[in-house]
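Encoded as structure tokens, the structure appears first; notes follow it.
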Amino acid sequence: MTVRTRPDLSRIAPYVPGRSFPGAIKLASNETTAGPLPSVMEAIAEAAAGANRYPDNGSVAVRDALAAKLGVSAERITTGCGSVGICLELVQATSGPGDEVIYAWRSFEAYPVVVKVAGATPVEVPLTADYEHDLDAMLAAITDRTRLIFICNPNNPTGTVVAAEALARFLDAVPPHILVALDEAYYEYVRPEEGGEAAPDGIALAEGRPNVVVLRTFSKAYGLAGLRIGYAIGDEEIIAALFKVHLPFAVTSVAQAAAVASLAADEELLARTDGVVAERTRVRDALIAGGYDVPPTSANFLWLPLGDQAAAFGEAGVAAKVLTRPFAGDGVRVTIGDPDENDTFLAFALGAGLPIWKASQQG
Ligand SMILES: *Cc1c(COP(=O)(O)O)cnc(C)c1O
């Protein structure tokens with residue numbers, strides 16, 4: 001006698017997190033390398049002392065701090081257990097069995113998981129040859145069952161950006177009853193002046209567009225990945241709908257306190273992103289000089305479209321204790337770490353003992 005679970009669970013591949021083991025350099029999960037600032041550590045310790053109490057289910061202090069920083073009302077903000085938690089809430093609030101959720105592919109690994117967990121149908125639209133969102137194809141994929149569209153900007157794992165004008169045109173073409181989620185997990189790493197095209201500020205685009213919601217997170221530039229807190233900004237009605245499907249107390253008191261303290265130390269934290277931006281340029285230039293194809297990136301990672309060689313590259317990295325994120329048959333995502341970690345990665349990737357990708361390019 002086995003327990004009856006949903007038959008459709010057999011179609012869900014579990015999320016595969018980045019690997020890590022002691023002594024290895026972890027460039028697999030787009031984390032920041034520095035720990036929390038002293039002021040944030042203090043807030044964490046203080047909140048931990050009150051862990052016998054349930055957290056504020058409305059995350060009022062965080063939402064008020066975000067409202068003040070972003071210039072939007074707190075009623076237009078909600079928090080989640082990471083922005084991935086909000087991705088699931090978005091699907092649950094808009095889509096049920098038979099409903100379709102469109103996103104680009106390859107994109108964030110969690111999208112297919114949350115769509116299928118909610119029982120909805122994923123519609124994956126291939127990226128262009130330049131590893132960018134194919135907005136025309138995404139528009140063409142809309143049917144009367146479409147309820148939600150994710151735009152990952154910059155795109156994980158390719159680092160490419162949908163430019164402001166193209167995105168505005170796209171949003172104007174999407175029927176107003178379909179929700180569009182602009183996933184801006186890497187917003188803080190975008191440098192329009194370097195990318196050529198200006199990446200948009202989703203919050204400005206959501207202004208006056210009630211079917212647009214913006215996702216951001218404290219996990220990446222703010223360095224709180226282990227505490228699990230992200231947020232969404234959107235129309236009050238959407239935010240209210242998200243709150244209905246919200247798992248009660250999903251955002252811990254420690255995470256809320258750390259987020260408020262991090263917002264107070266905003267400038268110091270965001271200054272760290274400049275170092276990552278400088279390093280991503282250095283690493284990309286070195287890889288290109290070494291013969292790799294590396295698309296321009298606006299995030300804290302690089303994409304190596306190694307195709308059939310991706311898995312072998314990842315495995316060779318494991319042996320060399322350089323952990324990247326290979327997607328078999330497609331490419332490898334490499335997080336930008338500290339300069340010395342990046343040097344170790346470059347030594348590995350450019351090492352004479354590893355001419356796999358060159359063989360693939362010549363062959
Ligand atoms: C990392 C990431 C997130 C957010 O992760 P959380 O830790 O759940 O906030 C969301 N979207 C993308 C594309 C990401 O890469």
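Coordinate-derived values only; no laboratory data. Since the structure is predicted, the reported quantities are computational estimates derived from the model, not experimental observations. Backbone-built Cβ (ideal geometry, glycine too); neighbour counts: all protein chains shown.
Here are the numbers for this structure:
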| item | result |
| --- | --- |
| Fraction of beta bridges assigned by DSSP in the chain that are antiparallel (%, nearest 5) | 40 percent |
| Theoretical FRET efficiency, 1/(1+(r/R0)^6), r = Cβ-Cβ of ASP144 and ILE288, R0 56 Å, to 0.05 | 0.80 |
| Per-selection Kirkwood Rh - segment 205-362 (Cα, Å, 1 d.p.) | 18.3 Å |
| Cα-centred dipole magnitude for segment 97-190, charges only on beta-carbon of K, R (+1) and D, E (-1), debye, nearest 20 | 280 debye |
| Pairs of lysines in the chain (C-alpha under 28 Å apart; 8 or more residues apart or interchain) | 10 |
| For segment 172-298, size of Cβ-based charge dipole, Lys and Arg +1, Asp and Glu -1, in debye | 520 debye |
| Highest average packing first - 6-14, 168-176, Cβ atoms within 10 Å | 168-176, 6-14 |
| Under Karplus coefficients 6.51, -1.76 and 1.60, residue-wise ³J(HN,Hα) of segment 52-62 in Hz, glycine/proline x | 6, 9, 5, x, 6, 5, x, 6, 4, 5, 5 |
| Of VAL115, VAL332, VAL318, the one that fluctuates the most in a GNM where the chain has Cα springs shorter than 10 Å | VAL318 |
| Net length gained if the chain between TYR15 and ALA68 were fully extended (0.36 nm per residue, minus Cα distance) | 15.6 nm |
| Mean separation of Cα contacts under 8 Å, 6 or more apart, over the residue count of the chain: relative contact order % | 22 percent |
| Antiparallel bridge percentage (DSSP; both residues within segment 145-277; nearest 5) | 30 percent |
| Alpha-carbon centroid distance for the pair segment 244-314 / segment 70-84, whole angstrom | 21 Å |
| For the chain, size of Cβ-based charge dipole, Lys and Arg +1, Asp and Glu -1, in debye | 1180 debye |
